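Some notes on the structure that comes next.
The values are calculated or read from the model by the stated rules, or taken from the named source; none is laboratory data. Everything quoted here is computed from the prediction, not taken from an experiment. Here the Cβ positions follow ideal geometry from the backbone for every residue, glycine too, while neighbour counts run over all protein chains shown.
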């Protein structure tokens, strides 16, 4: 089981890095404040050529492949709750890779997620 957990952790790192890339890429594309189809099409055309967004999509694809491996090895009732650890990675990466301001309350909430993941691991 520990090998499966390592595989899952690798996948969670991939998805968290994917989220970082998607966030950074969308900051490069610009804020989406419209529901007008023509403007959305123009934004979409910038999204599909943005290298940072494409890298994020690649990270998500790797995660999807890893997730399939995990599901072949572990019960969904164990594996799915463990994916909550991605919240911890996203907060950590947001702070140290995107240089976002992460409040104390957000860190406390993240710590509660860690406690929940640990409880699931013990079951």
(1) closer than 19 Å to residue 118 by Cα; (2) surrounded by 15 or more Cβ atoms within 10 Å (Cβ to Cβ) all hold for residue 2 apart from (2)
When residue 108 is run through (1) closer than 22 Å to residue 15 by Cβ; (2) over 17 Å from the mean Cα position of the chain (by Cα); (3) free of Cβ contacts under 8 Å to residues at least 60 places away in the same chain, the failure sits at (1)
Residues of the stretch 72-100 being in contact with a helix residue (DSSP H, G or I) (Cβ under 8 Å, 6 or more places away or on another chain) and in a loop (DSSP other than H, G, I, E, B), in sequence order, are 74, 83, 84, 97, 98, 100
Of those in the stretch 29-56 that are in a helix (DSSP H, G or I) and touching a helix residue (DSSP H, G or I) at 6+ places or on another chain (Cβ under 6 Å), the residue farthest from residue 82 (Cα to Cα) is 46
Note on residue 68: of the conditions (1) at pLDDT 95 or above; (2) part of a helix (DSSP H, G or I); (3) closer than 14 Å to residue 18 by Cα, unmet is (3)
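Yes/no per residue for (1) in contact (Cβ under 8 Å) with a residue 24 or more places away in the chain; (2) closer than 30 Å to residue 119 by Cα; (3) within 12 Å of the chain's Cα centre (by Cα):
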| position | (1), (2), (3) |
| --- | --- |
| 48 | no, no, no |
| 52 | yes, no, no |
| 80 | no, yes, no |
| 91 | no, yes, yes |
Screening 13, 20, 62 for residues that are under 24 Å from residue 119 (Cβ atoms) and part of a helix (DSSP H, G or I) leaves only 13
Per the list (1) at pLDDT 90 or above; (2) closer than 15 Å to residue 15 by Cβ, residue check on residue 82 breaks on (1)
Scanning the stretch 101-120 for residues that are within 23 Å of residue 6 (Cα to Cα) and in contact with a helix residue (DSSP H, G or I) (Cβ under 7 Å, 6 or more places away or on another chain), the one surrounded by the most Cβ atoms within 10 Å (Cβ to Cβ) turns out to be 117
Exercise for review: Considering every residue within the stretch 26-46, establish whether at least one is buried (at least 17 other Cβ atoms within 10 Å of the Cβ) and closer than 14 Å to residue 97 by Cβ.
Suggested key: no
